[in-house]
Amino acid sequence: MEDPTVHQLRLLLTLAEELHFKRAASKLYLSQPALSQQIRSLEQRLGVQFFTRTSRSVELTPTGQALLPLVRKVVNATEHLRNAASRSALGDTRLRLGVCENVAALEATRSVLGALSALYPCMGPEIHVLDFVEQMTALENGTIDAAFAYLPVPEGMHSQPLTTEPRVVCVASSDPLATRSSVTLADLAGYPVVSLASQMFQEGRDFWAADPRPDGTPVNYTSHHVTRFESLLSMASFGGAIAFVPSAAARLYPRPDIRYLPVRDLPDCTLGVVWPTVHRDKPQITALEDICRQLHRTGLPTGDAQNLTPLLELESAYC
């Protein structure tokens, strides 16, 4: 048995996500024959078959499904090693922040970024726009240092809250509920919820599906999984399924095919900045936490330099 290359394992993960050779090859900037050859070589090296292939479909074998989490751990560990080595060699002081598309335009996000740029110019910050799954993976493997994310967060992550807002339900504008001014969770009992990707941690998936409901009823999900916010909205817009989203989405993502309705008995959600607990003592993270805590406590806009004066004395410690 010959060891696989990390490159082959990355190709495997992409194909496992797409389950389509043409789409996976396009995403990887490879030809289909080249991708097929690499997957065959990987299977031969490990002595297992990861996929069953027909002229119309590609599916993971039971063995492939069982080994996929281990493959992901190997790839993540390799990326973490490479990133750590690179930063150590370069003495990099930049703060690498992950941002999902649905939080990029929020006032809280912009306030933190503005304060970081004004107070700690040596830190950048360097922004990475990622989807739900990519962001948590990047935190775990060290590609980014911290991220803006709605809580809850996985075990091993620390969070500093910024703002709290209601959650609303997103329904197709053609749905009978669209004429209502508000709903309850009981009104939504017959609707499946648009499913977040299975790679998302379970507590997060449950929270954003309100699963289980207050009466203990489990939630039904769509068979199609999404990793991006726009995809979540589009799935709800087709009708027959719903999605729970932060209330800010109604302002940031107005669409004629969607109605956003308040849910009277649905708890609020909280936006925060998240980082691995093991990195809490890093100077960049300490500076970020100081800013987030100050802005959360006072709600001060970063455009007012005088309001940020208490933080200015921290700058010399990091830049």
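Can you find a residue that is touching a residue at least 24 places away in the same chain (Cβ under 8 Å), over 25 Å from ALA189 (Cα atoms) and part of a helix (DSSP H, G or I) anywhere in the range 253-275? No, the conditions are met nowhere in the range 253-275.
Screening THR164 against (1) buried (at least 18 other Cβ atoms within 10 Å of the Cβ); (2) in a strand (DSSP E or B) leaves a single unmet condition, (1).
Would you mind stating whether PRO214 is touching a residue at least 40 places away in the same chain (Cβ under 8 Å), surrounded by fewer than 16 Cβ atoms within 10 Å (Cβ to Cβ), touching a helix residue (DSSP H, G or I) at 6+ places or on another chain (Cβ under 9 Å) and farther than 27 Å from ILE285 by Cβ? Explain how you work it out, then say what you get.
Details: touching a residue at least 40 places away in the same chain (Cβ under 8 Å): yes; surrounded by fewer than 16 Cβ atoms within 10 Å (Cβ to Cβ): yes; touching a helix residue (DSSP H, G or I) at 6+ places or on another chain (Cβ under 9 Å): yes; farther than 27 Å from ILE285 by Cβ: yes.
The answer is yes for PRO214.
Among the residues of the range 193-209, those that are out of contact with any strand residue (DSSP E or B) (no Cβ under 6 Å at 6 or more places or on another chain) and either more than 21 Å from GLU140 (Cα to Cα) or part of a helix (DSSP H, G or I) (or both) comprise GLN202, GLU203, GLY204, ASP206, PHE207.
Would you point out which residue out of VAL112, VAL153 is surrounded by fewer than 23 Cβ atoms within 10 Å (Cβ to Cβ), touching a residue at least 40 places away in the same chain (Cβ under 8 Å) and not in a strand (DSSP E or B)? Explain how you work it out, then say what you get.
On the way: VAL112 fails: surrounded by fewer than 23 Cβ atoms within 10 Å (Cβ to Cβ).
After ruling out the rest, the residue left standing is VAL153.
Return yes when GLU165 is closer than 24 Å to THR227 by Cβ and modelled with pLDDT under 90 and no when it is not. No. Of the residues making up the range 22-50, those that are buried (at least 18 other Cβ atoms within 10 Å of the Cβ) and either touching a Lys or Arg at 6+ places or on another chain (Cβ under 8 Å) or at positive phi (or both) number 0. Considered as a group, the residues in the range 245-259 that are more than 16 Å from VAL226 (Cβ to Cβ) and small (Gly, Ala, Ser) include one that is surrounded by the most Cβ atoms within 10 Å (Cβ to Cβ), and that residue is ALA248. In the range 277-297, the residues that are not assigned by TED's automatic domain parsing to the domain that holds MET123 never reach a residue that is of a type in the set (Lys, Arg) and part of a helix (DSSP H, G or I) with C-beta atoms less than 9 angstrom apart, at least six apart or across chains.
Restrict the check to the range 228-246 and report whether at least one residue is within 30 Å of ILE291 (Cβ to Cβ), touching a residue at least 60 places away in the same chain (Cβ under 8 Å), assigned to a strand (DSSP E or B) and in contact with an Asp or Glu (Cβ under 8 Å, 6 or more places away or on another chain). Within the range 228-246, one or more residues are within 30 Å of ILE291 (Cβ to Cβ), touching a residue at least 60 places away in the same chain (Cβ under 8 Å), assigned to a strand (DSSP E or B) and in contact with an Asp or Glu (Cβ under 8 Å, 6 or more places away or on another chain).
Kindly provide the set of residues from the range 30-80 that are assigned to a loop (DSSP other than H, G, I, E, B) and at pLDDT 90 or above, ordered by number. Walk me through it before giving the result.
First, pick out the residues of the range 30-80 that are assigned to a loop (DSSP other than H, G, I, E, B): 30-31, 47-50, 54-57, 61.
If the condition is that a residue be assigned to a loop (DSSP other than H, G, I, E, B) and at pLDDT 90 or above, then LEU30, SER31, GLY47, VAL48, GLN49, PHE50, THR61 are the ones that fit.
The values are calculated or read from the model by the stated rules, or taken from the named source; none is laboratory data. Fair warning: this is a prediction, and the values are worked out from it, not measured in the lab. Note: ideal-geometry Cβ built from the backbone for every residue, glycine included; neighbour counts use all protein chains shown.
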